[in-house]
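Participant: Got a structure here, written out as structure tokens. Questions coming.
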Amino acid sequence: MDSFGQNKAALTQSEDGLEPVAEKRWLNLAYSPSRIWQSRISWRITTTVFVTILLIQTVVLIFTVRVYEGEHLERLREIAHTALAPALNNTKEQTISPLTREAAARLFTDTMVEGIAIYGLDYSVIQTYGAPTLLQPKMSADMPASYRSVDNKHYEVLFAPGEIGHPYNIVARMNAADVEPHVIGHIHQTLWILFFMSGLVTSILMLILSLWLLEPMILLRNNLLSAAKNPEAPDIKNLKKDMQDEIGIAIRIANDLIRQNANNLKRLRTQAEDRIHRLAYFDGLTGLPNRTFFLEKLNESIKQKVVEQDGKIAVISVDIDHFKDINDTMGHEIGDKLLEAVGKRIVKSLPEDAVVARASADEFSIMVHLKPEQPDSAVLVERIFTAMVEPVSILQERFQVRVSVGVAHCPDDGLEARQILKNADIAVNRAKEEGRDTVRYYSQDFDRAIQQRFQLLRDLRIAMDQKQLRLHYHPQFDLKTGQVIGVEALLRWWRPDNSKEGGKFIPPVEFIPVAEQSGLIVPIGEYVMREACEANKRWQQRGLPPFRMAVNISGVQFHRGDIVSIVDTVLKETQLDPRWLELEVTESVFMENMQIAIDILGKLHQLGVELAVDDFGTGYSSLSYLRQFPIDRLKIDQSFIRSALTNIDDRMIVRIIITLGHNLGLKVIAEGVETSDHENFLKEEGCDEVQGFKYTKPIPEEELLEFLVAHNRAIAKNSKLSVIE
Ligand code: C2E
Ligand code: MG
Ligand code: MG
């Protein structure tokens, strides 16, 4: 997975990971002080502080309540003291009370004193007044100096002798009913203060947390979220105030990391985009722009130079002749180097502003803005041809490169980039069809020719269905004995039309290429094979001496159709002995993919059929490869025979092919034998077999049978080939 993918995955994961509701609340959270109430950490800290304060204050409260209560009781004691002191008279007699009943009664009505007991120094009761007292004078040190009733309403205090200035132990019972409400009031007041204080402390704490903790945390979180969502361009915010504490430092580090990551990602993306751009627009091998780039540029240029400036653009297609053969025979490494070299040479030969692209395997597309003062397209094409004159040296080998060139012009041949490029391609195909190593300028006639081809293809399909395809047979003879040793099955198409003849023969050279291009040759080829084998079997069954049936196999059939199983099936179905079937293949079939060809030919040979190389001498084949193919016969192309008598080179070629074939243990047959001179020449050269118009044209079955009968009769009479003249 690339870095973008990883980030995306990480983001999805993090989004999915934020599954708890509480987490989602934080998504895209913007800081605002009120958010503090939603902050769990703040709540935790604040609650802890709040409870701690409460606890401390409760302890303090308990302590202060005691003190407060003590103070109140002490005051009661002072009140008792203040009230009693003036009420006592100066008697020192231990048996008489220093307090008169009237004075006591006054005390009870005017002060909080409710009862008084006066004891002598020996702790005996001298006199009691009012409410009875429970506190006893101190007889020992651990006796209490005061007493408080259970209901807290009364408080008794003891004054030791001399304390009020008299030698008596005096106990005073005081009304303490208002002490408790005072204490409770005190507690309430304290509690209120306590709550207020806690609230205040908590609020201040919250505010501080909000500023020092929550705001930076939310900022950090938002930055991280933003980085996860948009790693390349995260929306990174900095703190309003530069915090120097741990959180501030953490945020700065995190922000730096996020920015660093974003920069890295951006750099990676730019690099990746560059690469994608190069892959999408440039050819990896030659470094030249590719077809896509070329079309885009052409579109732009048409708009600028042609539409706006009324200029002219030449689009030139350059196709390397026989590149496929070179590639297959010499290997892809050589092929690649050759392409590179050709690309460089084309670029060098053209003006700087020319756009040279590698449009497909061995085809270069060129676009040149033709300016009035600069060379026209013919000159540019000439330069391209000149650039190819010097052979290309690769790994100590020198290769002579030839190219076919097609030219189309904008606006003359179209105003749309694809159309013009297509027209340049049509022109280069024309150049290839018409002999290669040449240039063709696009003309609308080419289009017409293409349309005619399409029509031909449509008609050919109909011909298949309506059985307009028939076979004619062209006899082959043993040159020494004159005997028919085989026939070649040749396809004939009688296409009906509205003419007075009712139709016409379409020559195979016209329709076979169309059938090959469309793949229709595969079913047609199978039909031919079946018809031919059936015919041969039929003739044998009629008692004719058996001979070979040669059937032409196209390269397309060979490589695309399952030729081995088709031959096998047809032989089984027709019950023809395989040795009476010969398959003719051209050299180009071997060259397409040598190993596969050897393989298929081997399998065909195993079936027992014979194999012949048709049109031998015209292909690119390197003779040294012939040895590797399991073939039986070389069929010298008729062009050599035709000119053998007039052209010394062709005569030499025929001689060499015959010698070579014999050296390899092969039979050699010559086709295109039209005259006795041809025949004599071939006899002299030791050719084994012949086929040609000298003996007969290819003929339908009925005529062939008549021909064979007549021929055999003549042979029997003269036992000489010349009798068939
Ligand atoms: P080919 O296989 O080389 O066939 C020989 C061609 O040369 C035939 O032309 C034949 O009529 C012609 N020929 C033979 N002797 C002479 C002669 O002395 N003078 C002249 N002027 N011509 C002669 P045809 O029948 O027009 O076939 C042309 C080509 O079409 C064939 O060349 C073959 O390549 C292809 N073809 C014909 N039938 C079939 C077929 O059934 N399947 C395939 N794949 N190709 C076929
Ligand atoms: Mg042939
Ligand atoms: Mg031939």
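Participant: With helices defined as uninterrupted DSSP H runs, which ones in the chain have an alpha carbon span along their own long axis of at least 18 Å and mean Kyte-Doolittle hydropathy of at least 1.0?
Facilitator: Correct list, ordered by number: 179-209.
Participant: If you don't mind, another one. Given the -39500 (n - 2.57) contribution per DSSP H run of 4+ residues, what per-residue ellipticity at 222 nm results for the chain, rounded to the nearest 500 deg cm²/dmol? Mind showing how you got there, number by number?
Facilitator: On the way: 23 runs with 369 residues, N = 725.
That comes out to -17000 deg cm²/dmol.
Participant: Counting other C-beta atoms within 10 Å, and keeping those with at most 12, which DSSP coil GluC sites (Glu not before Pro) do you find in segment 472-524?
Facilitator: Taking segment 472-524 and a limit of 12 other Cβ atoms within 10 Å, the loop GluC sites (Glu not before Pro) found are GLU501.
Participant: Moving to a separate point now. Using per-residue counts of other Cβ atoms within 10 Å, averaged over each peptide, order 97-106, 547-556 from highest down.
Facilitator: Working: 97-106: 16.6, 547-556: 22.7.
The densest-packed peptide leads the list: 547-556, 97-106.
Participant: Tell me, what HN-Hα J-couplings in whole Hz come from the Karplus equation 6.51 cos²θ - 1.76 cosθ + 1.60 at θ = phi - 60° for each residue of segment 114-129, using x for Gly and Pro?
Facilitator: Result, ordered by residue: 10, x, 9, 10, 10, 10, x, 5, 8, 6, 8, 6, 9, 7, 10, 9 Hz.
Participant: Let me ask something else. Set the bar at 27 Å for Cα to Cα. Now go through LYS603/LYS694; LYS324/LYS572; LYS229/LYS297; LYS635/LYS694; LYS312/LYS348; LYS480/LYS717 and name every pair that lies beyond it. Don't jump to the answer; show the numbers that get you there.
Facilitator: On the way: LYS603/LYS694 36 Å; LYS324/LYS572 36 Å; LYS229/LYS297 37 Å; LYS635/LYS694 17 Å; LYS312/LYS348 22 Å; LYS480/LYS717 16 Å.
The pairs that break the limit, which is 27 Å between Cα atoms, are LYS603/LYS694; LYS324/LYS572; LYS229/LYS297.
Participant: Let me ask another. Which residues' amide hydrogens lie under 5 Å from the amide hydrogen of GLU156, considering only partners 5 or more residues apart or on another chain, with H built in the peptide plane?
Facilitator: When sequence neighbours closer than 5 places are left aside, the close amide H contacts are TYR147, ARG148, SER149, MET174.
Participant: Over all pairs of distinct alpha carbons, what does the Kirkwood formula give as the hydrodynamic radius of the chain, in Å? Mind showing how you got there, number by number?
Facilitator: Details: mean 1/r = 0.0262 Å⁻¹.
The Cα-based Kirkwood calculation yields 38.2 Å.
Participant: Starting with the highest mean, order 402-410, 309-317 by the number of other Cβ atoms within 10 Å, averaged over the residues of each peptide. Write out the running numbers ahead of the final one.
Facilitator: Numbers: 402-410: 24.8, 309-317: 20.7.
Those peptides, ordered most packed to least, come out 402-410, 309-317.
Participant: Over the residues of segment 91-220, compute the C-alpha Rg and express it relative to 2.2 N^0.38 Å. Walk me through the intermediate numbers first.
Facilitator: On the way: Rg = 26.6 Å, N = 130, 2.2 N^0.38 = 14.0 Å.
Ratio of Cα Rg to 2.2 N^0.38 Å: 1.90.
Participant: PRE reach from ASN261 (point 7 Å along Cα→Cβ): which of segment 197-225 fall under 18 Å by backbone N?
Facilitator: 217-225
Participant: Give me log10 I(q)/I(0) at q = 0.11, 0.16, 0.20 Å⁻¹ for segment 282-442, Debye formula, one equal scatterer per alpha-carbon, no solvent.
Facilitator: So the normalised log intensities work out to -0.40, -0.84, -1.29.
Participant: How do 445-457, 364-376, 695-707 rank on mean C-beta neighbours within 10 Å, highest first? Mind showing how you got there, number by number?
Facilitator: Working: 445-457: 13.2, 364-376: 17.7, 695-707: 15.5.
Peptide ranking by packing, descending: 364-376, 695-707, 445-457.
Coordinate-derived values only; no laboratory data. Keep in mind it's a predicted model, so treat the numbers as computed, not measured. Note that we place each Cβ from the backbone using ideal geometry, even for glycine, and neighbour counts take in every protein chain shown.
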